[in-house]
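Q: Below is one structure. I have some questions about it.
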Amino acid sequence: MDIHEYQAKEILRENGIPVPPGEIAKNSDQAVAIAKNYEFTVVVKAQVHSGGRGKAGGVKLAKTQDDVRKAADDILGMFISGHKVNEVLVTPAEDIDTEAYLGILIDRETQSPVIVVCAEGGIDIEEVAVNNPNSIHKLSIDPRYGLFRHQAYGLARILYQEKDLVKQAVSIIEQLYQAFISSGASMVEINPLISTPTGDVKAIDAKMSIDDSELFKHPKLQSYRDVQAEPRAETMAREAGLSYVKLDGNVGCCVNGAGLAMATMDLVKYYGGDPANFLDIGGSSNPQKVVAALKIITSDPNVEVILFNIFGGITRCDDVAKGIVDALKEIEIKSPIIIRLTGTNEAEGLEILSSAGLSAFTSMDDVVEQAVSETTK
Ligand code: GDP
Ligand code: MN
């Protein structure tokens, strides 16, 4: 689950990291009212689940009340990488000496958190990664022992030379690691981490994702979910109890079981296709889950064909077949539906399908090859 900058900043503050104050506005009147509490200049910042707001015009410095009103009017309602801006953060502007990058994410290879630092942070970090990759330093942390002071110190020395800045950065790195672990994050990023002309180190931007599987431990973080900002299909999937991940291909996949879903996606690739999604309807799939799954798959305009791969164990083939037939009555599905149905109550399932004019394969190879052949590319 992605959260907004102002929410991530709240978590950083709770962990002791210096972060400028700020409040959220939904319209320009509110933005002006908030700005009056601060000394000018302020920054008006789009709150969307996307980086690159600065380059898109979603971060504006404002020196007067009129500036704030104009900035809020300009930013509210704009789209940044497909995300509509419904709220802005109004925060006092900081004077900046240097901009650095500090992040923590989970490295799949080492299965541990890795801390990433770069002295050249700011909005061009992607270009730095391409043109000067050696300036980006990574340190993998053994989660059993946590982050040691000497490790934090080594990283802080990459960011700053001056002793006092290094000392502040050591604390911030330790606090950020604590924030990362204690909130079950999969990613946290401060970019930029600034130093000011008065010698302070502060986080003026924050980005954070919470691991969905950790959310049950953190009731407060659950309330950070912004359903409006979340892709509609993900909300539908969560509410229906389905695991869904959108991908970029055109073969919509509906499978029971995560392992079979992965194998199905592999096979789609093997036959030259591209999966549009990962979707696991789970073990005991009642017909309503299948209807929900089809609504989600068909809401993706890239989908050209819908592939069902059902291996009935606890899942009953007749339930799935009934779900498909029910869905066809409820929603208009233009794409061909290619089905493999085998296992528990297979005969009953096939009966239900054939009475609705549908048929099914029993072989996984056959069904995937057929589905891929129905796509245009
Ligand atoms: P992003 O583009 O979505 O990463 O948004 P950021 O919050 O990182 O802002 C982008 C850039 O705007 C930063 O790298 C800064 O250069 C600038 N900026 C943001 N906040 C301030 C501020 O308080 N003072 C000044 N001078 N510049 C700021
Ligand atoms: Mn940033």
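Q: Need the failing condition index for ALA93 against (1) surrounded by fewer than 19 Cβ atoms within 10 Å (Cβ to Cβ); (2) under 23 Å from VAL59 (Cβ atoms); (3) within 25 Å of the chain's Cα centre (by Cα), just the number.
A: Of (1) surrounded by fewer than 19 Cβ atoms within 10 Å (Cβ to Cβ); (2) under 23 Å from VAL59 (Cβ atoms); (3) within 25 Å of the chain's Cα centre (by Cα), only one is false for ALA93: (3).
Q: Still on this structure: If I filter the stretch 88-108 for residues that are more than 16 Å from ligand 2 (Cβ to nearest atom), in contact (Cβ under 8 Å) with a residue 12 or more places away in the chain and in contact with a Lys or Arg (Cβ under 9 Å, 6 or more places away or on another chain), do I get at least one hit?
A: yes
Q: So, restricting to strands (runs of 3 or more DSSP E) that lie completely within the stretch 157-242, which ones have at least 3 residues that are farther than 30 Å from LYS295 by Cβ and within 16 Å of ligand 1 (Cβ to nearest atom)? Walk me through how you get there before you give the answer.
A: Numbers: elements: 185-195, 201-203, 207-210.
Correct list: 185-195, 201-203.
Q: Would you please name the residue that is surrounded by the fewest Cβ atoms within 10 Å (Cβ to Cβ), looking only at residues in the stretch 295-338 that are free of Cβ contacts under 8 Å to residues at least 60 places away in the same chain and among the hydroxyl-bearing types (Ser, Thr, Tyr)?
A: Checked the stretch 295-338; the qualifying residue surrounded by the fewest Cβ atoms within 10 Å (Cβ to Cβ) is THR298.
Q: So, one more: Out of contact with any Phe, Trp or Tyr (no Cβ under 7 Å at 6 or more places or on another chain), more than 25 Å from GLN7 (Cα to Cα) and surrounded by 14 or more Cβ atoms within 10 Å (Cβ to Cβ): does that describe GLN151? Give the derivation first.
A: Details: out of contact with any Phe, Trp or Tyr (no Cβ under 7 Å at 6 or more places or on another chain): yes; more than 25 Å from GLN7 (Cα to Cα): yes; surrounded by 14 or more Cβ atoms within 10 Å (Cβ to Cβ): yes.
Judged against the criteria, GLN151 is a match.
Q: Next question. Wholly within the stretch 264-377, which helices (runs of 4 or more DSSP H) include no fewer than the required count, namely at least 3 residues that are within 33 Å of the chain's Cα centre (by Cα)? Please lay out each step first, then the result.
A: On the way: elements: 287-298, 317-330, 346-355, 364-373.
Result: 287-298, 317-330, 364-373.
Q: Which condition number in (1) in contact (Cβ under 8 Å) with a residue 24 or more places away in the chain; (2) closer than 30 Å to ALA179 by Cβ is the one that ALA276 fails?
A: Only one criterion in (1) in contact (Cβ under 8 Å) with a residue 24 or more places away in the chain; (2) closer than 30 Å to ALA179 by Cβ is unmet by ALA276, namely (2).
Q: Here is a list: ASP164, ASP124. Which entry is in contact (Cβ under 8 Å) with a residue 12 or more places away in the chain and either open to solvent by 20 Å² or more (accessible area, probe 1.4 Å) or farther than 28 Å from SER50 by Cβ (or both)?
A: On the way: ASP124 fails: in contact (Cβ under 8 Å) with a residue 12 or more places away in the chain.
Just one listed residue meets the conditions, ASP164.
Q: Evaluate the stretch 43-58: report whether one residue or more is free of Cβ contacts under 8 Å to residues at least 24 places away in the same chain, of a type outside the set (Val, Ile, Thr) and within 16 Å of ligand 2 (Cβ to nearest atom). Please lay out each step first, then the result.
A: Filtering the stretch 43-58 down to residues free of Cβ contacts under 8 Å to residues at least 24 places away in the same chain leaves 57.
Now restrict to residues that are of a type outside the set (Val, Ile, Thr): 57.
Then drop every residue that is not within 16 Å of ligand 2 (Cβ to nearest atom), which leaves 57.
Within the stretch 43-58 (the criterion being free of Cβ contacts under 8 Å to residues at least 24 places away in the same chain, of a type outside the set (Val, Ile, Thr) and within 16 Å of ligand 2 (Cβ to nearest atom)), the answer is yes, since at least one residue qualifies.
Q: Quick check: is even one residue across the stretch 225-239 buried (at least 22 other Cβ atoms within 10 Å of the Cβ), at negative phi and either of a type in the set (S, T, N, Q) or within 16 Å of ligand 2 (Cβ to nearest atom) (or both)? First the steps, then the outcome.
A: Here is the first cut: in the stretch 225-239, the ones buried (at least 22 other Cβ atoms within 10 Å of the Cβ) are 237.
Filter once more, keeping what is at negative phi: 237.
Filter again for either of a type in the set (S, T, N, Q) or within 16 Å of ligand 2 (Cβ to nearest atom) (or both), leaving none.
Among the residues of the stretch 225-239, not one is buried (at least 22 other Cβ atoms within 10 Å of the Cβ), at negative phi and either of a type in the set (S, T, N, Q) or within 16 Å of ligand 2 (Cβ to nearest atom) (or both), which makes the answer no.
The values are calculated or read from the model by the stated rules, or taken from the named source; none is laboratory data. Just so you know, these numbers come straight off a predicted model, no measurement behind them. Every residue, glycine as well, gets a Cβ built from its backbone with ideal geometry; the counts of neighbours run over all protein chains shown. These accessible areas exclude ligands, DNA and RNA; they are computed on the full protein's heavy atoms, side chains included. Shrake-Rupley method; radii C 1.70, N 1.55, O 1.52, S 1.80 Å.
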